[in-house]
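Worksheet: the structure to be examined is printed underneath.
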Amino acid sequence: MPLNELTIKQALEKLDKGEITSVKITKACLDRIAKIDSEINACLTICEQEALQEAEEADKRRAKGEKGGLLGIPYAVKDNILTKGIRTTAGSKILDNYISPFDATVVKKLREAGAVLIAKTNMDEFGHGGSTQNSAYGVVHNPYNKQMVAGGSSGGSAAAVAADMCIFALGTDTGGSIRCPASFCSVAGLKPTYGRNSRYGLMAMTSSTDTPGILAKSSEDTAMVMNVIAGHDTKDASSLDEDVADHLLDIDSDIKGIKIGLPDEYFKEGLDEEVRVKINEAIDKFKEMGAEVLPISLPHTKYSVPVYYIITPSEISSNMARFDGIKYGFSDKEAKSLQEVYLQSRGQGLGTETKRRIMIGTYALSAGYREAYYLKAQKVRTLIKEEMDAALKEVDILLTPVQPTCAYEINAHRGDPLAAYLEDIYVSAASLSGVPALSLPCGFSPKGLPIGMQLIGKRLDESKILNIAHQYQKATDFAQQKPEI
Ligand code: GLN
């Protein structure tokens, strides 16, 4: 098997036995990027020199007897996560030449564990989107069918993992941005509990839901990365000061008797038949494995997209104020006054969707409308959260679709932002509630496009989700399938 196709688990076994070196796996990934990324467009910056140096360093550490962790494993990082000394654009023109002055906490932890950063990945500008078509650096093509989108906003990370350009990748999920591309590209994608992984060094989109997470080739690999990056961080005020259990400890436990809830509202009209068929097959598989499947009702589901699309632009409009042409990034040199610096730098530096969100958010927060929109949305958000927590008291996890459809054609929602927003129907509630959720491959459409299912768990119960996912992956072979590129 080519080294770039290994999972973390397989790579670590071979590294620990001395059968391969980190330099060799890193080169295999870099070669793969050089060979195919002109067709996929997953990587915005390739850190070749730095990666080879880090790989050599990892090999030296291993030669001295160090093992485990993620020592010597090459990975990619979504370009809204800060990486010291490396260009970090957030998919935006306004940050085209921006070099991060420090590492995000999640990156720092990976660095300390000896993982090797090989590339920064393409994304919707600042995370604003669900298809990576809103990037200033061009769309990411789906490795399973290059006419189709890869999903978003972490589309570059998902495509890079699916096409074996790296062994795993980091993404961020604010309202589905890890789960959506994971489902479109047939990889595992975990959005952990809000606050479980530090947001320090993430470019803020919606501070109250932003969550860094993982895109990987299996749920077991996802658990291995969680073991490194999860935990409290004094630099992030919303970080949870709770112990982190070993996510691998119970991954092999039998799932006989576990309770899986199926929220009725997630299976109504709007769900494509080809997706429904595969989700139903996954449900049958779980029943065969001894799970108890129960109906659940989440009546506020219909409000999750409207609530998300008020809260998100509101927080965006405030978070984006820092991009003023003065503190960072692009600044229009022709501007003749301070006002013009702001207007022209933002006008030229930011893309259409980002501008739309700034305007909607500013409107929703403005005097006279704040109570009607923003405060109302926050109240309904509380109801959504309470309903989600109550449902998760009845069962171990909820099983739902991730997206209403498979990956769609590039340009399909062009000029129709509302249609794009509605795609978030199954992912927004977990984000608004702050609970962990995983997208896991569960089959392919008749045309060969990947389909994912979503497993939503209780707060801080990532280990349970990963245990259930791992048992499913042992009983099926969807995760082993590879795209033909
Ligand atoms: N589709 C969501 C949006 O456009 C996803 C955002 C995210 O998770 N970064 O807001």
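The values are calculated or read from the model by the stated rules, or taken from the named source; none is laboratory data. Because the structure is predicted, anything quoted here is derived from the model rather than measured. Neighbour counts are summed over all protein chains in view; Cβ atoms, including those assigned to glycine, are modelled from backbone coordinates with ideal geometry. For the accessible areas, the whole protein counts, side chains as well, though only heavy atoms, and no ligand, DNA or RNA atoms are used. Shrake-Rupley method; radii C 1.70, N 1.55, O 1.52, S 1.80 Å.
Using a 1.4 angstrom probe and counting only protein chains, how large is the accessible area of Ser445 in Å², to 10?
Spelled out: Ser445, probe radius 1.4 Å, area about 10 Å².
Going through the cross-link list Lys235/Lys333; Lys17/Lys109; Lys120/Lys376; Lys84/Lys458; Lys146/Lys235, which pairs have a Cα-Cα distance over 29 Å in this structure? Please list the in-between numbers first.
Working: Lys235/Lys333 35 Å; Lys17/Lys109 24 Å; Lys120/Lys376 38 Å; Lys84/Lys458 34 Å; Lys146/Lys235 40 Å.
Pairs exceeding the cut-off: Lys235/Lys333; Lys120/Lys376; Lys84/Lys458; Lys146/Lys235.
So for the pair Lys67, Asn97, with labels modelled 7 Å out along Cα→Cβ, what separation do we get in nm?
Simple spin-label model gives 4.9 nm for this pair.
Which of the aspartates and glutamates could a cross-linker bridge to Lys474, judged by Cα under 14 Å and excluding same-chain residues fewer than eight apart?
Leaving aside aspartates and glutamates fewer than 8 places away in the same chain, those within reach of Lys474 are Glu220, Asp221, Asp252, Asp254, Glu288.
With the crude spin-label approximation of a point 7 Å out along Cα→Cβ, what separation in nm comes out for Gln339 versus Thr382?
4.1
Given the C-alpha atoms of the chain, compute the convex hull and give its volume per residue in Å³. Spell out each step's value before the answer.
Details: hull volume 66.4 nm³, N = 485.
Output value, Cα hull per residue: 137 Å³.
Please list 188-200, 298-310 highest first by mean number of surrounding beta-carbon atoms within 10 Å per residue.
Answer by packing, highest mean first, reads 188-200, 298-310.
Work from the charge dipole of region 355-406 (Cβ charges, +1 for Lys and Arg, -1 for Asp and Glu, about the Cα centre) and give the residue of Ala372, Ile397, Met359 farthest towards its positive end.
Towards the positive end, the residue furthest out is Met359.
Give the aspartates and glutamates reachable from Lys302 as a straight Cα distance under 13 Å; neighbours fewer than 8 places away on the same chain don't count.
Answer for Lys302, where 13 Å is the Cα cut-off: Asp264, Glu265, Glu269, Glu387, Glu423, Asp424, listed by chain and number.
Take each complete run of DSSP H in the chain, measure how far its Cα atoms stretch along the helix's own axis, and keep only those covering 18 Å or more with mean Kyte-Doolittle hydropathy at least -1.0; list them.
Membrane-span-like by this criterion, though nothing is claimed about a membrane: 22-40, 273-288, 304-319, 352-365, 376-394, 462-475.
Roughly to the nearest percent, how much of the accessible area of region 156-274 is carbon and sulfur, given a 1.4 Å probe?
So the carbon and sulfur contribution to the accessible surface is 45 percent.
Positive end of the charge dipole of the chain (Lys, Arg +1 and Asp, Glu -1 on Cβ, about the Cα centre): tell me which of Ala230, Gly151, Asn97 has its Cα farthest that way.
Ranked along the dipole, the leading option is Asn97.
What does the accessible area per residue of the chain come to in Å², with a 1.4 Å probe and no ligands, DNA or RNA counted? Don't skip to the answer; put the middle values down first.
Details: 18640 Å² over 485 residues.
It amounts to 38 Å² per residue over the chain.
Work out the P(r) tail for region 188-346: percent of alpha carbon pairs separated by more than 28 Å, whole number.
The proportion of pairs with Cα distances above 28 Å equals 48 percent.
Please express the shape of region 406-485 as an equivalent ellipsoid: the semi-axes are the square roots of 5 times the eigenvalues of the C-alpha gyration tensor, given largest first in whole angstrom.
Output for region 406-485: semi-axes of 25, 22, 7 Å.
Percent of accessible area on region 399-458 owned by carbon and sulfur, 1.4 Å probe?
Numbers: 1000 of 1710 Å².
Looking at region 399-458 in its full context, I get 58 percent from C and S.
Quick check on region 365-404: take the gyration tensor over C-alpha atoms, sort the square-rooted eigenvalues as a ≥ b ≥ c, and tell me if it's rounded (a/c under 1.5), prolate or oblate.
It comes out oblate by the Cα gyration axes.
Quick check: pseudo-label points 7 Å beyond the Cα along Cα→Cβ at Lys327 and Val277, how many nm apart are they?
My value for the distance between the label points is 5.1 nm.
Length gain on complete extension for the stretch Asp389 to Ala245, per 0.36 nm per residue less the alpha carbon to alpha carbon distance?
Details: separation 144, 0.36 × 144 = 51.84 nm, distance 2.11 nm.
Contour length minus the Cα-Cα distance gives 49.7 nm.
To the nearest 10 square angstrom, what accessible area does Phe478 show with a 1.4 Å probe?
50
Beta carbons within 10 angstrom, averaged per residue: use that to sort the peptides 315-328, 42-55, highest first.
42-55, 315-328
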